[in-house]
Every structure is written in structure tokens, then in C-alpha cells.
Amino acid sequence: MRRGLIARSKTELPDAVFDARLERLRAAMGELDALLIYTNNTRPAAVSWLTGFIPYWSEAMLVVPRDGLLVLVVALTFRVKPWIERTSRVAEVIHAPRVGIEAARLIAGRRTDAAVGVVDLDHLSVGIADDISEAGPRLAMSDASDLFAMVRTPADPAEIMLTARASAIAATALSRIERRDGASEIVAAVEGDARSNGAEEVYVAIAPDLARDARFQRIEGEPALGRRFAVRASVAYKGSWVRRVVTVDRDGAVSDGAKADFADAIARLPSDRALSQLSSFLVEGCRIAQPLEALMGSRIAAPRPPVAGAVVSVQAAIDLEGRPILLGAPALIGASGEAASIFQ
């Protein structure tokens, strides 16, 4: 369950942004009569991109007809209806405990044998898929994940602006840590600062002692911090997620050379050649519903390189004279032949 404030800003996300995104999606639907897009608090990004709706908990299904109004079917009580209407760009909100049944009824009511594309079909639960089949036995369902991934890139100006804001929130929060002594104090300081600056969600992880272990941990208790440690902040702002990573060296500043190598590797994206020369790396981005999906990295067997204009978050480990340095930042992939740029 999310804990931060979810509120819509029509200055940052005006109706025209959602209308343009919907127009792009419908133009790509081809022979499909409708799309179904599932959302919950772990896979919110597709519905959020189209409507601004972000669930604190529970689940919902967005019905996108080829023409006409968007309908959001939510497994939430009627008392949250005013909040959903305030924070979302949808025409109608329907409350039903089994979102698959109600969504299928809406589509089958217009055409019993409609061709329906299901976004992120592989991650749709069996129960909801069965409910759709029960309520719309003649509906012809197909996977529309690639269609949706193609439509949502390149990032539009609104997404780039929100990513820049999320990045700034994370960077400011991480700048507070050097004055802190304990791991729990660092976590509290980073999370508190991010939330006070408008983050709707923030997760903080620490690699407490890079001399021993370079893996990040969700902190419980009070682990001892080494002379060099790293902190990662994953921050969401108005549906846009970023990760930033800093390494703190109590004996001095982190090498400018390591930072330069990291920036140079990011500039060469979507090629991973420069990143592959580092100790390890991970590139994440939003293709469909997962806000930060692993796209390519040292341990990714089937990479999905980001396309031009996509927003990504990059993490890397750099070995400096036998000492690991962890760094991370969001970036915008450039057009063909253009360098990718890091969000500051």
C-alpha cells in the first residue's frame, strides 16, 4: 500500500496531455474494438500514463473502447469515488468487486464478439482472465503489450518534466545523508526530505559497507556503516519513478573519474558497450505497467534495449583500485546519433 499523497496537478498534467496520449493509442489499435488495462499498486504505470489514476491499494481495470469514453472499473468502495474523480482523467468510475467481469460486460454489451487487446496480458491473474471469459465468452482476446509499449515512447514533454522533478527530489534528499551517522537516521532523513518535497512514494536502500558487500538492503535494525557505503533512493512523483544512487566515502570525496566514467557510459545508451566495461550495471525503464522494469544489465539474459526518447534509470558499480563505487541516475535516451542525457 502506498503511503504518500496522490494528487493531480492540472498544471503539470493538463487534460490535453491525456487526450493526446489516448489519441496516439487509438490510432495504433488497428482492428481492435477495445483495450483492457489492469492496474494495482505494483503495476500502476500503464493506467497512470493514460488517466493519472494511481491506486493506493486494491486493483482496477481500465476499459478503452475504440471510440467513446474511458471507464475505470475499480474493486474499491463507493466512498473513494470522489477522490478517484479528482485525481483521474476518466469519464466514468464503476465499483465492482470482480473487475474482470464488469469490464467484459461493458465491452460485450457493445459487441459480443469484439476483438479485445489486453495490455500486459502475461501478468494478468488467472482469476481475472477467467472472469473476462465468463462475462464475455465470445470476446476474442489478444496480447496488446507491444502495441502499448510502442505508443508510450518517445516520452512526451510532460513525462520528461515529471521525471526531472522526481530526479530533483531524489537528488536533494540524498544530499542530506553525509551529515548523518547511522543507517536508520539516513533512511529517515532521505525519506522525510523526499516526502516533504512532494514524492508520492519513496523507498530507501543501503549497502552499509562496500568493503564487505556491494548489495543493497532494505534496512531493519541498525547495521554498522563502513568507511564507504552507498544509498539508493527510488522516488515516485505524479506517476513517474526514478532511482538515484550515491556512494559516500568518509575518508574523502568519491572519485571524479568514476563519476565521469558513469556519465560517459550513460551518454552512449542505448548501446551497452561502455556500461558492460564497468563491474556491473542495470538499466530500468517503464515499457508497460511496471514503473521500473529491468531492460538490460549484467545479469539480464534477454535484454530489451531502450528506444530513442525513452526515460530510463541506470545503476552501475565501478571498480576503483579494488574498491567498488555505486552510482545511479535517470537519463533520457537521445535520438539516433545523439548522446543520452542525465537528469540532474
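A short reminder: the numbers here are calculations on the coordinates, not readings from a lab. Remember, it's a predicted structure, so these values are computed and weren't measured experimentally. Cβ atoms come from the backbone with ideal geometry, glycine included; neighbour counts cover every protein chain shown.
Listing for the model above:
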| read-out | value |
| --- | --- |
| Principal-axis tilt of helix 157-174 within the chain, Cα atoms, nearest 10 degrees | 40 degrees |
| Rounded Å value of the spacing that divides the Cα centres of region 115-184 and region 69-98 | 19 Å |
| Global geometry of region 210-269, whether rounded, prolate or oblate, following the gyration tensor of its Cα atoms and the 1.5 cut on a/c | oblate |
| For region 157-342: rounded, prolate or oblate by the Cα gyration tensor [a/c cutoff 1.5] | oblate |
| Global form of region 64-154, assessed from the alpha-carbon gyration tensor, a/c cut-off 1.5 | oblate |
| Cut-off 18 Å, label 7 Å out along Cα→Cβ of H123, residues of region 28-50 by amide N | 36-50 |
| Cα-based helix-to-principal-axis angle, 256-267 vs the chain, degrees rounded to 10 | 30 degrees |
| Nearest-20 debye value, the chain charge dipole, Cβ charges on Lys, Arg, Asp, Glu | 500 debye |
| Inverse of mean 1/r across different Cα pairs in region 59-215, Kirkwood, Å | 19.3 Å |
| Bridge type composition, region 15-151 - antiparallel percent by DSSP, nearest 5 | 50 percent |
| Cα pair distances of region 292-344 binned at 10 Å [whole percent] | 22, 45, 29, 4 |
| Bridge type composition, the chain - antiparallel percent by DSSP, nearest 5 | 80 percent |
| For region 1-131, average projected area of the Cα convex hull in nm² | 7.9 nm² |
| Rg/Rh for the chain, where both radii come from Cα atoms and Rh is the Kirkwood radius | 1.01 |
| Rounded to 10°, Cα long-axis angle of helix 15-27 versus longest principal axis of the chain | 70 degrees |
| Relative contact order of region 157-342, pairs being alpha-carbon contacts under 8 Å that are 6 or more residues apart, as % | 19 percent |
| Normalised contact order of region 116-164, rounded percent, pairs of Cα under 8 Å and 6 or more residues apart | 49 percent |
